[in-house]
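Participant: Once you've had a glance at the structure underneath, I'll fire off some questions.
The values are calculated or read from the model by the stated rules, or taken from the named source; none is laboratory data. What you see is a predicted model; the values in this text were computed from it and never measured. With ligands, DNA and RNA removed, areas are computed over all heavy atoms of the protein, side chains included. Shrake-Rupley method; radii C 1.70, N 1.55, O 1.52, S 1.80 Å.
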Amino acid sequence: KRGGSRVDGVPRDLPALLRAHRVGEKLAHVGFDWPDLAGVLAKVDEERAELAEALASGDPAGIRHEYGDLLLACANLGRFLGVAGEDALREANHRFETRFRGVEARAAAAGVRLEDAGLARLEAWWQDVKRSQATG
């Protein structure tokens with residue numbers, strides 16, 4: 001393609017996760033892609049390790065950079081899995097919020113303010129909510 005980039009035409013105002021998915025699709029058409037799922041998973045692992053290094057260094061710009069790279073790798077993982085990242089994240093947000101409402105209900109039933117419950121108790125309620133949703 002002359003006079004432009006393969007990534008031209010992917011709207012910049014798309015949600016970032018969706019844009020990453022679409023750019024990945026376009027570049028895959030010219031062969032710039034991992035050969036298989038194992039390659040994408042290795043890239044996710046690599047980016048997570050690089051984020052851990054940035055965290056250890058304490059450099060805010062490096063942390064932001066590596067976190068972005070990890071998100072980009074995860075967007076490509078979704079593409080390989082045939083899962084729309086925006087939809088998967090929206091569903092995960094909904095599950096999280098629903099579960100947290102369950103934690104709040106358990107705290108209220110116990111007469112305990114969330115701020116006073118402590119992490120161990122909050123986590124126990126969280127796990128209880130997860131179990132009840134899985135069986136309910």
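Participant: Would you kindly derive the ³J(HN,Hα) couplings of the stretch 59-65 from the backbone phi angles with the Karplus curve 6.51 cos²θ - 1.76 cosθ + 1.60 (θ = phi - 60°), listing them in order in whole Hz, with x for Gly and Pro?
Facilitator: Once θ is set to phi - 60°, the couplings for the stretch 59-65 become 7, x, 5, x, 4, 4, 4 Hz.
Participant: Can you tell me, using C-alpha contacts under 8 Å and at least 6 residues apart, the relative contact order of the chain as a whole percent?
Facilitator: Worked out over the chain, it gives 22 percent.
Participant: OK, next. Please report, to one decimal in angstroms, the Kirkwood hydrodynamic radius of the stretch 18-88 built from all distinct Cα-Cα pairs.
Facilitator: With all distinct Cα pairs of the stretch 18-88 included, I get 12.6 Å.
Participant: Quick one: the Cα spread of the stretch 73-130 along its three principal axes, in angstroms, biggest first?
Facilitator: Largest first, the stretch 73-130 extends 46, 17, 17 Å along its Cα principal axes.
Participant: Roughly speaking, to the nearest percent, how much of the stretch 7-136's 1.4 Å accessible area is carbon and sulfur?
Facilitator: Carbon and sulfur atoms account for 58 percent of the accessible area of the stretch 7-136.
Participant: For the chain, what log10 I(q)/I(0) values come out of the Debye formula at q = 0.10, 0.15 1/Å, with one point per alpha carbon and no solvent?
Facilitator: Reported log10 I(q)/I(0), two decimals: -0.53, -0.94.
Participant: Where the centre of each part is set by its Cα atoms, how far does the stretch 41-117 sit from the stretch 3-30, in angstrom?
Facilitator: Going from one Cα centre to the other spans 23 Å.
Participant: Sticking with this one: Restricting to DSSP H runs of at least four residues, report the calculated mean residue ellipticity at 222 nm for the chain, -39500 (n - 2.57) per run over all residues, nearest 500 deg cm²/dmol.
Facilitator: On the way: 6 runs with 103 residues, N = 136.
Counting only the DSSP helices, I get -25500 deg cm²/dmol.
Participant: Moving to a separate point now. Would you mind getting the accessible area per residue of the chain, heavy atoms of the protein chains only, 1.4 Å probe, in Å²?
Facilitator: 69 Å²
Participant: Another question, if that's okay. In percent, what relative contact order does the stretch 46-108 have, based on Cα pairs under 8 Å that are 6 or more apart in sequence?
Facilitator: Values: 21 pairs, mean separation 14.9, N = 63.
In percent, rounded to a whole number, it is 24.
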